Structure formats: C-alpha cells, structure tokens
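Some notes on the structure that comes next.
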Amino acid sequence: NAGVMQNPRHLVRRRGQEARLRCSPMKGHSHVYWYRQLPEEGLKFMVYLQKENIIDESGMPKERFSAEFPKEGPSILRIQQVVRGDSAAYFCASSPLGGDHEQFFGPGTRLTVL
Amino acid sequence: GQQLNQSPQSMFIQEGEDVSMNCTSSSIFNTWLWYKQDPGEGPVLLIALYKAGELTSNGRLTAQFGITRKDSFLNISASIPSDVGIYFCAGQVSGTYKYIFGTGTRLKVLA
C-alpha cells in the first residue's frame, strides 16, 4: 500500500527556468494539498485540489505559480520563471475525504534555484 | 491572519523523561493534527483529534483537544533516542479547508 509519492526528490533550476513538481496521492485519495516549507519553519498552505478542481488557492502567490490535479495522473505544482526566493521544500499531502480529515504527507521535493 | 503559537521551540531532555508541548491559537479549530518530521523527510501523522475535550493516545504519545477549541497539547512519556525530531501541530480553521501549522518543537534526547 504505497504512500504519497513525490518526484523529483531534489530539483535544481537556474533563475528564469520552470520547475514542475509531481505528486501521486495515496490509493483511493482524491484530495491533494500542497505546502511550502522554508528551513527552520513550519509548513505554509498553498493550495487544495480535488480531481479536476481547485478548491482553495488562497496560499498560492498570484503570479508564476499554478497547480492542477487532472482526472488521470499526478497533481502538478508548476513554478514559472523561478527566482532564488522559490528555493524551499515543497510537500504534497493527500486525504481520502478532504475537509477536516487527516492528511498524509509525501517525502517532499527540495527545490534549489541557482 | 490566523496564528498558531507552538511551545517550546526546542527541548533537550534525558532519555526516559516525559515531554510536553502545546499549541495555542487565536482562532477556533475543528481538527488538530500532530506530526513528527525527521530531517529531509515529510511529516508523519502521529495523532488526529476531532472533538473538543478529546484525549487520544498512540503508544507513548497522548494528545488532547482543548475545551476552548483554541489549544492542544502533546505528551511523550519515557522518551527514547528515536523520539528526536521536530514535532508540529496543525489546526484546521473552522469554516475553511486549510490547516495552519505551528512553528515546531525541536526535540533532542540525550542518552
């Protein structure tokens, strides 16, 4: 019973490039959350998605960041024209029912922008 | 915006001692979750709390959902070296889908 999977685990990009982070939720989970974590800090909510729908993107920067969770395939967090300040660990969590149910986290993608 | 204060920020304890940490909020929460995160890994869920006053145990861990719905604590009894890590609380703000995370408690256990 595989847990939440994220890839790549580590991603290095130069300023101005695009970063694509993938998340495959646990089997049977149709709710996905993305979080960002800076060193020595807690996790900051970015976006909550269900299959083919963005439910809450209030934590996402208005520019350069986008997220999707298509009917088939993993959820994607996309960062265009990356800047050094985008360097962080990005975690995905999945939940069977969303709302006030527990969330299970993947191992994260550590993005480094040179 | 909502704030979640977690304390203490860090703790150094001797193996075998009990540990207590807590989170307080300015907002009412529907759900409290407690996680442990090891370096380079994602958070691992320890305990989930869904009702005010609820007291739940998971092995040596015990957590409670405060009566006011604005606080929660986590206790670890008889600590062992593998308890080392960062512990986070997370609360779901009433009326939203979002979880707010605390700043973490860094636990170090001295053998």
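The values are calculated or read from the model by the stated rules, or taken from the named source; none is laboratory data. Computed from a prediction, not measured in an experiment: that's the story for all the values here. FYI the Cβ positions are ideal-geometry reconstructions off the backbone, even for glycines, and counts take in every protein chain you see. For the accessible areas, the whole protein counts, side chains as well, though only heavy atoms, and no ligand, DNA or RNA atoms are used. Shrake-Rupley method; radii C 1.70, N 1.55, O 1.52, S 1.80 Å.
List of remarks:
- Filtered residue count, segment A:6-23, keeping only those that are within 23 Å of A:Asp56 (Cβ to Cβ) and in contact with a Gly (Cβ under 8 Å, 6 or more places away or on another chain): 2
- Candidate set from segment B:71-86 (those that are under 21 Å from A:Phe45 (Cα atoms) and away from chain A (no Cβ under 11 Å)); member that is surrounded by the fewest Cβ atoms within 10 Å (Cβ to Cβ): B:Asp71
- Near pairs, Cβ below 7 angstrom, 6+ apart or cross-chain, from segment B:43-72 (farther than 19 Å from B:Leu4 by Cα) to any residue that is small (Gly, Ala, Ser) and crowded, with 19+ Cβ neighbours inside 10 Å: B:Thr56/B:Ala63
- Residue satisfying all of: in segment A:50-65; open to solvent by less than 70 Å² (accessible area, probe 1.4 Å), modelled with pLDDT under 95 and assigned to a strand (DSSP E or B); farthest from the other protein chains (Cβ to nearest Cβ) among these: A:Gln50
- Some residue of segment A:78-85 being surrounded by 15 or more Cβ atoms within 10 Å (Cβ to Cβ), more than 10 Å from every other protein chain (Cβ to nearest Cβ) and modelled with pLDDT of 95 or more: yes
- B:Gly95 passes every criterion in (1) open to solvent by 50 Å² or more (accessible area, probe 1.4 Å); (2) small (Gly, Ala, Ser); (3) facing another protein chain (nearest Cβ under 9 Å) apart from (3).
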